[in-house]
Every structure is written in structure tokens, then in C-alpha cells.
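One structure below.
The values are calculated or read from the model by the stated rules, or taken from the named source; none is laboratory data. Everything quoted here is computed from the prediction, not taken from an experiment. Please note that ligands, DNA and RNA were not included when accessible areas were found on the heavy atoms of the full protein model with its side chains. Shrake-Rupley method; radii C 1.70, N 1.55, O 1.52, S 1.80 Å.
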Amino acid sequence: MKSLLPILALRLLSLSLLALPVTVCAANLSPPASPVTAQAAMAESALTQVLVLMDARLKLAPDVARYKWNTLGAIEDRLREDKIIAALGQQAAQAGLPPDWAERFFRAQIEASKAIQFALFAQWQQQGAGLFAQAPDLPRETRPKLDRLTPHLLQALAAAWPLLCNATPQDEIAARISQYWATAGHHPAVTKLASAPLLAACP
């Protein structure tokens, strides 16, 4: 009987050691995220990226305004704007976005930029401002920057589309948008104009 005790003790020890890793691993396991939750998180992240890119676009408006002020150029160029919007509609379709909505979105970005430019022109006229020493060249510097933002915006909009056009309450989307713009430094009327299509993505 005494000879069996060491054997039993070893077996009990080995069984306890085998059980230990199972217990530890089970404690560290977490249930995988559901596909719906992961998709929603990606769409929310994409919406933030859309706002970041819209913000970057609006922040180029003063550079555009200074160049036009120096060259006595007109703020509006409807013919050029229409060509840009038509091309963007085609690119949007390739990205999986409704072309009509994408055209409205980018038209809003142009109008928001022009609103900033008109406000600056009015301020400079009131101040009797002269020419600006530092005004980036519009065709060679600023427009290429705007053009580089466009494909990124299309990509982010396509990724955010499930959030913009589904059962997500509009007031929730509006709250996220307002929260971002609160610290961006733009006039509320400008951000409202730029963001309006995001709140009217679905019929």
C-alpha cells in the first residue's frame, strides 16, 4: 500500500498541471467581435476621416482667396466648377457611391470654400488691404493639394456610407459631426453648409 502512494501523488500532480493551462487560457479568451459591430466601428472611423479631409479642404480656402485677391481674380468660376463636379460624379460611381449624391456633396464643399473666400474678401476690402506677400500659386500649388484630397475623400465616403445611409438615427450622426467641427475653428455657417449632404445621404 505504501508503494502506491508516490505513484498516486505523481498522477494527481500531473493532472493538476494539465488542468492549469486550460484554466488560464479560458480566463484570457474573449468572444470575437460580431461582423455587424466591426462594420459599424469601421464606418464610424471612416466618418471621422471624412470630416478630417473636409476640414483640410476648407483650410486651403484662405490660400485660394489670397491668390485671387492678388490677381484680381473672380471667386466664382461656374464653368470650371461644373466640369469638376461632373468628373467627380463619374469617380463616385466607380467608388460605389450614388453619383447624384456625391455631386451634391462636392458641390457643398466648393460652396463652403467660396463662403470663406467671400468673407475674407469683404474683410480685406473693409480694411483696405494691399497685396499679400505670401500667396501660394493657385494652379501650381493649391489646386494640386485639393486634387490630392479628392480620391481620399471618395474612399472615406464609400467606407462611411453604411453609417450615413442606414437605420442610424440622424441626430446621432449630426452629434458626431457637430462634435468634430466644434474645435475646427471654422464659422458654423460654413461647416453647416459643407456637412449638409452627410445628413441627407438617403432619400
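Shape class of the range 36-188 from the Cα gyration tensor (axes a ≥ b ≥ c, square roots of the eigenvalues): prolate, since a/c reaches 1.5 or more and a/b is larger than b/c.
For a straight C-alpha distance cut-off of 28 angstrom, the lysines reachable from residue 145 (same-chain residues fewer than eight places away being disregarded) are 59, 68, 83, 114, 192. Across the range 116-203, the convex hull enclosing all Cα atoms gives 135 Å³ per residue. Largest accessible area first, the residues 195, 178 order themselves as 178, 195 under a 1.4 Å probe with ligands, DNA and RNA left out.
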